Amino acid sequence: MEDIRIGNGYDVHALAPGLPLWLGGIRIESEVGCIAHSDGDVAIHALCDALLGALALGDIGKHFPDSDDAYRGIDSKILLERTMDMVRERGWRVGNADITIAMQRPKLRPYIDSMRECIASIAGTDIGCISIKATTTEKLGFVGRGEGCEVFASVLLLK
Ligand code: MG
């Protein structure tokens, strides 16, 4: 039997008008974007935390601290690549990942497959192993008021 590890990740960023919105490695047409030290790709951040969590390697803030100018405005795809390097160095590969993005607007459906393709290529998996789902919160809470974007990620690693 293969060795398996499970990880979960969670991230939130506040939204503000006039900032670029990046999710799952894709630029999204939007009037608001994430306030962040990096490019604010909250979906990739949650996935990185899930990958690190599966191997008990701490969290994204430990490996890529927002106090470090090296990460100012950084493309989060680079953070995912570096996280995947840590996964591969230890002999693991991604079995599958499931990501839920909670955001009131804009509608994310048109971008979902591009995000899946982008993440699958960095994670070295088939697109069929990367699930991305988008939901609103029915106008409830900070997500519903459009104040922030919240992402949950689960990942299975195989050896
Ligand atoms: Mg983040």
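The values are calculated or read from the model by the stated rules, or taken from the named source; none is laboratory data. From a predicted model like this one, the values you see are computed outputs, not experimental measurements. Don't worry about glycine lacking a Cβ; one is built from the backbone with ideal geometry, like all the others, and counts go over all protein chains shown. Each accessible area value is taken on the protein alone, full model and side chains, heavy atoms only, with ligands, DNA and RNA left out. Shrake-Rupley method; radii C 1.70, N 1.55, O 1.52, S 1.80 Å.
Data for the structure
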item	result
Members of the range 141-159 found to be under 16 Å from the mean Cα position of the chain (by Cα) and either modelled with pLDDT under 95 or open to solvent by 40 Å² or more (accessible area, probe 1.4 Å) (or both), listed by number	F152, S154, L156
Tally, over the range 23-43, of residues that are touching a strand residue (DSSP E or B) at 6+ places or on another chain (Cβ under 8 Å), closer than 18 Å to I122 by Cβ and within 11 Å of the ligand (Cβ to nearest atom)	5
From H37, H45, residue being modelled with pLDDT under 95, out of contact with any Cys (no Cβ under 6 Å at 6 or more places or on another chain) and closer than 19 Å to E150 by Cα	H37
Odd one out for A56 among (1) under 22 Å from G141 (Cβ atoms); (2) more than 16 Å from the ligand (Cβ to nearest atom)	(1)
Residue within the range 106-120 that is touching a Phe, Trp or Tyr at 6+ places or on another chain (Cβ under 9 Å) and either acidic (D, E) or more than 21 Å from L21 (Cβ to Cβ) (or both) present	no
Neighbours by Cβ (under 7 Å, 6+ apart or cross-chain): first from the range 35-54, at positive phi; second more than 10 Å from the ligand (Cβ to nearest atom)	G40/W22; G40/G33
Residues within the range 113-140 that are open to solvent by less than 20 Å² (accessible area, probe 1.4 Å) and either free of Cβ contacts under 8 Å to residues at least 40 places away in the same chain or in a strand (DSSP E or B) (or both), tallied	3
Residue list for the range 64-100, restricted to those being of a type in the set (G, A, S) and over 16 Å from the mean Cα position of the chain (by Cα)	S67, A70, G91, G95
Matching residues in the range 93-111 - criterion: being of a type outside the set (G, A, S) and open to solvent by less than 20 Å² (accessible area, probe 1.4 Å)	V94, I99, I101, M103, L108
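Each row is one residue, and each column tells you yes or no for (1) within 10 Å of the ligand (Cβ to nearest atom); (2) in a loop (DSSP other than H, G, I, E, B); (3) touching a Gly at 6+ places or on another chain (Cβ under 6 Å).
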{"site": "R5", "(1), (2), (3)": "no, no, no"}
{"site": "V12", "(1), (2), (3)": "yes, no, yes"}
{"site": "L19", "(1), (2), (3)": "no, yes, yes"}
{"site": "C48", "(1), (2), (3)": "yes, no, no"}
